[in-house]
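Working notes for the structure below.
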């Protein structure tokens with residue numbers, strides 16, 4: 001099966017958010033900051049801390065949420081030239097053949113550790129920080145999406 005695609009910025013930003021939020025250490029940090037923010041709000045409500053301390057803790061919470069939700073995905077998107085290219089991807093039994101205007105590469109399925117499926121993409125992870133996105137809207141119908149999902153499960157495996 002062969003598909004051709006170009007990345008949609010809005011979808012890629014959402015996929016990058018999924019990537020960041022799926023990391024255990026980031027989820028723990030977000031939970032801790034949210035607990036801290038709730039604690040600070042309660043302490044302010046019971047007049048145990050000054051308004052300045054509450055505002056500073058609120059600023060910390062807003063900064064972290066903005067960083068993980070907007071700033072990090074935007075930085076990654078703007079730095080990666082990959083998201084601005086167009087691709088032709090051919091799925092074979094033993095490997096995937098990827099082409100773009102700059103060249104081509106054969107990727108053995110064994111070079112991926114696992115894959116993750118989100119509403120818009122299949123994330124194929126080379127390691128915990130490096131991944132390749134395959135947009136689901138590049139497939140002509142849901143049967144092709146299901147076929148590729150099965151192929152990826154057999155060849156790579158989910159996390």
*The listed residue being in contact with a helix residue (DSSP H, G or I) (Cβ under 9 Å, 6 or more places away or on another chain), outside the structural domain of residue 20 (by TED's automatic domain parsing) and either farther than 22 Å from residue 7 by Cβ or in a strand (DSSP E or B) (or both), out of 89, 56*: 89
_One residue is enough: does the range 5-14 have a residue meeting the conditions assigned to a loop (DSSP other than H, G, I, E, B), closer than 17 Å to residue 74 by Cβ and either touching a residue at least 24 places away in the same chain (Cβ under 8 Å) or in the same structural domain as residue 140 (by TED's automatic domain parsing) (or both)?_
yes
*Can you find a residue in the range 28-37 that is surrounded by 12 or more Cβ atoms within 10 Å (Cβ to Cβ), within 17 Å of the chain's Cα centre (by Cα), assigned to a helix (DSSP H, G or I) and free of Cβ contacts under 8 Å to residues at least 12 places away in the same chain?*
no
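Taking the condition within 19 Å of residue 153 (Cα to Cα) and either assigned to a strand (DSSP E or B) or in contact with a strand residue (DSSP E or B) (Cβ under 7 Å, 6 or more places away or on another chain) (or both), does residue 116 pass? Spell out the reasoning first.
Values: within 19 Å of residue 153 (Cα to Cα): yes; either assigned to a strand (DSSP E or B) or in contact with a strand residue (DSSP E or B) (Cβ under 7 Å, 6 or more places away or on another chain) (or both): yes.
It is true that residue 116 is within 19 Å of residue 153 (Cα to Cα) and either assigned to a strand (DSSP E or B) or in contact with a strand residue (DSSP E or B) (Cβ under 7 Å, 6 or more places away or on another chain) (or both).
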*For residue 139, state whether it is in contact with a helix residue (DSSP H, G or I) (Cβ under 7 Å, 6 or more places away or on another chain) and more than 21 Å from residue 17 (Cβ to Cβ).*
yes
*the range 63-96 - residue that is touching a residue at least 60 places away in the same chain (Cβ under 8 Å) and touching a strand residue (DSSP E or B) at 6+ places or on another chain (Cβ under 6 Å) and, of those, surrounded by the fewest Cβ atoms within 10 Å (Cβ to Cβ)*: 86
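The values are calculated or read from the model by the stated rules, or taken from the named source; none is laboratory data. As the structure is a computational prediction, the values presented were derived from the model and not from experiment. Because the Cβ atoms are built from the backbone with ideal geometry, glycine has one as well, and the counts that use them run over all protein chains shown.
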